[in-house]
Amino acid sequence: MNKESTSTGVYRRGASDGALMGLVLCALFASWALSMRMAVASLAFPLLLLAVPVLAFVQLRRGYRADLGTSTFSALWMHGICTFFFGTLLMAALAIVWLRWWEPGLIGESLRSAADVYASLGSPEAQKMAADVRALLDKGLAPRPVDIGLSLMWAGVFSGSILSMIYAGIIRTLGYRPRNQKK
């Protein structure tokens, strides 16, 4: 790392950026969960969904600039992975608490709604899917809150890793220019 750099380590930066990413991801989860009760909550969902990749790019670019353009591709990628790991850790914790203690019936309600939607589609495939979802509920095989939380975390880290890999390549290709330098 460059001596003149004001940068911190990639893991510390990822954890710090993950806190802000976690707030956005928690708001995303809350928007989904609340939209089951209040339709207006679903309006925030697409905006928050778009905010995640924008925030990830801004955070990676800011880290690259803090290192004065010396960050390697792998360091930028790891920064993004850490950001999504710590961010989704917060979201998973919220999901577990929400689904276990605040709204314990939300998973079953969501599955029943999904079965009803499939049944209303009319195609044989959709009817089979509705029957499968109802059988899952009847046998008590609905996912537990911890299953949902861990699935959200793994999906978030995986997709965030892919996104960070793409952004690391883009940021390295764009290169580093001091803020006051013209194109």
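Quick check: anything in the stretch 60-76 over 22 Å from Gly175 (Cβ atoms) and open to solvent by 60 Å² or more (accessible area, probe 1.4 Å)? Give the derivation first.
Taking the stretch 60-76 first, the residues over 22 Å from Gly175 (Cβ atoms) are none.
No, the stretch 60-76 contains no residue that is over 22 Å from Gly175 (Cβ atoms) and open to solvent by 60 Å² or more (accessible area, probe 1.4 Å).
Which pairs have Cβ atoms under 7 Å, sit 6 or more apart or on different chains, and link a residue in the stretch 57-72 that is of a type in the set (D, E, K, R) to one that is open to solvent by less than 50 Å² (accessible area, probe 1.4 Å) and assigned to a helix (DSSP H, G or I)?
Arg61/Ile171
Would the stretch 35-45 turn up any residue that is out of contact with any Pro (no Cβ under 6 Å at 6 or more places or on another chain) and touching a residue at least 40 places away in the same chain (Cβ under 8 Å)? Walk me through it before giving the result.
At the first step, the residues of the stretch 35-45 found to be out of contact with any Pro (no Cβ under 6 Å at 6 or more places or on another chain) are 35-45.
Next, from what is left, pick out any that are touching a residue at least 40 places away in the same chain (Cβ under 8 Å): 36.
Yes, because at least one residue in the stretch 35-45 is out of contact with any Pro (no Cβ under 6 Å at 6 or more places or on another chain) and touching a residue at least 40 places away in the same chain (Cβ under 8 Å).
Any residue in the stretch 160-183 that's at positive phi: show its pairings with residues that are at pLDDT below 95 and assigned to a loop (DSSP other than H, G, I, E, B) at Cβ separation under 7 Å, as long as the two are six or more apart or on different chains.
Hits for this filter: Gly175/Gly69.
Has the stretch 136-149 got at least one residue that is free of Cβ contacts under 8 Å to residues at least 12 places away in the same chain, within 27 Å of the chain's Cα centre (by Cα), open to solvent by less than 90 Å² (accessible area, probe 1.4 Å) and within 25 Å of Met21 (Cα to Cα)?
Yes: one or more hits.
Quick one: would you say Phe45 is touching a Phe, Trp or Tyr at 6+ places or on another chain (Cβ under 7 Å), at pLDDT below 95, in a helix (DSSP H, G or I) and open to solvent by 30 Å² or more (accessible area, probe 1.4 Å)? Spell out how you get there, then give the answer.
Details: touching a Phe, Trp or Tyr at 6+ places or on another chain (Cβ under 7 Å): yes; at pLDDT below 95: yes; in a helix (DSSP H, G or I): yes; open to solvent by 30 Å² or more (accessible area, probe 1.4 Å): yes.
So Phe45 passes the test.
Return the pairs, sorted by first residue and then second, in which the second residue is not in a helix (DSSP H, G or I), the first residue lies in the stretch 111-127 and is surrounded by 13 or more Cβ atoms within 10 Å (Cβ to Cβ), the beta carbons are less than 7 Å apart, and the residues are 6+ apart or on different chains.
Pairs that qualify, where the first residue is surrounded by 13 or more Cβ atoms within 10 Å (Cβ to Cβ) and the partner is not in a helix (DSSP H, G or I), are Leu111/Ala142.
Check off (1) within 20 Å of the chain's Cα centre (by Cα); (2) of a type in the set (Ser, Thr, Tyr); (3) within 18 Å of Met165 (Cα to Cα) for Ser74 and give me the number that stays unchecked.
Unmet for Ser74, out of (1) within 20 Å of the chain's Cα centre (by Cα); (2) of a type in the set (Ser, Thr, Tyr); (3) within 18 Å of Met165 (Cα to Cα): (1).
Among the residues in the stretch 90-109, are any of a type in the set (A, V, I, L, M, F, W, C), surrounded by 15 or more Cβ atoms within 10 Å (Cβ to Cβ), over 21 Å from Arg37 (Cβ atoms) and touching a helix residue (DSSP H, G or I) at 6+ places or on another chain (Cβ under 8 Å)?
Taking the stretch 90-109 and keeping what is of a type in the set (A, V, I, L, M, F, W, C), we get 90-99, 101-102, 106-107.
If we keep only those that are surrounded by 15 or more Cβ atoms within 10 Å (Cβ to Cβ) too, we end up with 90-92, 94-96, 98-99, 106-107.
Subset that is over 21 Å from Arg37 (Cβ atoms): 90, 92.
Imposing the further condition that a residue be touching a helix residue (DSSP H, G or I) at 6+ places or on another chain (Cβ under 8 Å) reduces the set to 90, 92.
Yes - at least one qualifying residue is present in the stretch 90-109.
The values are calculated or read from the model by the stated rules, or taken from the named source; none is laboratory data. Bear in mind the structure is a predicted one, so any value in this text is a computation, not a measurement. We place every Cβ from the backbone using ideal geometry, glycine too, and count neighbours over all the protein chains shown. These area figures cover heavy atoms from the full protein model, side chains too; ligands, DNA and RNA do not enter into them. Shrake-Rupley method; radii C 1.70, N 1.55, O 1.52, S 1.80 Å.
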